[in-house]
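Visitor: One structure is given below, represented as structure tokens, and several questions about it will come after.
The values are calculated or read from the model by the stated rules, or taken from the named source; none is laboratory data. Quantities reported herein were computed from a predicted structural model and do not represent experimental measurements. FYI the Cβ positions are ideal-geometry reconstructions off the backbone, even for glycines, and counts take in every protein chain you see.
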Amino acid sequence: MTFFPSLPADAGVRHILTINPEAGRALVAFHTAALRNAGPLEPAHKELVAAYVSGLNACQYCYGVHSQTAQAFGLGASVLEALLADVESADVEERLKPLLLYARKLTLEPARMTAQDAQAVFAAGWSEAALHDAVLTICLFNFMNRLLEGHGVKGNPGLFNTRGQALRDEGYEPLMAFLDAAAKPGPHA
């Protein structure tokens, strides 16, 4: 059950976005621009970062959806749990580890970020554009985790699987269509 009586019991992000459709559209546009751009960080990597940040924040909804999305992109089912326990020993590409350590620190200790944190990412072969994409993803999911938790939206495994596959296949744009449909007055209005 959500904290907002106007939201359905099975509410998801799309329902929250209808509360303020203008902000909802801007947020969906930002998701598309940040997570599905043609930058150096692939969508699979961004979804991994999204799931990792959400796991660090213990956001059940975002972790559930984005871990499924990362798996739909080919990530092994146990990798995220291993990353949350210890990035250094997790079975991921070595060059992803400094990026994930950056995500961890920016999520849990943002005021402690240093140039050395960025240098570790660059030393692993990532460009400034890639780190920028990662920072956008990290910031977006810290925001989204608080948006879902603040509305009391938790989701369920069925939703996670469905949304994870849809995000891999269709991206974030279908959320715009949902917002447009929700804005149209229907017979119940």
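Visitor: Here are 47, 93, 22: which of them is farther than 20 Å from residue 151 by Cβ, of a type outside the set (A, V, I, L, M, F, W, C) and exposed (fewer than 13 other Cβ atoms within 10 Å of the Cβ)?
Guide: One residue alone meets the criteria, 93.
Visitor: Take residue 109 and tell me if it is exposed (fewer than 13 other Cβ atoms within 10 Å of the Cβ), at pLDDT 95 or above and under 25 Å from residue 163 (Cβ atoms).
Guide: no
Visitor: Mind listing whichever residues of segment 133-170 are of a type outside the set (Ser, Thr, Tyr) and loosely packed, with under 15 Cβ neighbours inside 10 Å?
Guide: 143, 146, 150, 152, 156, 157, 158, 165, 169, 170
Visitor: Quick check on residue 129: is it more than 29 Å from residue 18 (Cβ to Cβ), in contact (Cβ under 8 Å) with a residue 40 or more places away in the chain and touching a Lys or Arg at 6+ places or on another chain (Cβ under 9 Å)?
Guide: Here the answer is no, as residue 129 does not meet what is asked.
Visitor: May I ask you to list pairs of residues, at least six apart or on different chains, whose Cβ atoms are under 7 Å apart, with the first in segment 18-37 being touching a residue at least 60 places away in the same chain (Cβ under 8 Å) and the second being among the β-branched types (Val, Ile, Thr)?
Guide: Pairs found: 24/18; 34/137; 35/137.
Visitor: Run down 77, 23, 118, 29 and say which single residue is among the aliphatic types (A, V, I, L, M) and under 16 Å from the mean Cα position of the chain (by Cα).
Guide: Just one listed residue meets the conditions, 29.
Visitor: To continue, here is another question. In segment 25-42, what residues are surrounded by 14 or more Cβ atoms within 10 Å (Cβ to Cβ) and either assigned to a loop (DSSP other than H, G, I, E, B) or small (Gly, Ala, Ser) (or both)?
Guide: Listed by number, the residues that qualify are 29, 34, 36, 37, 39, 40, 41.
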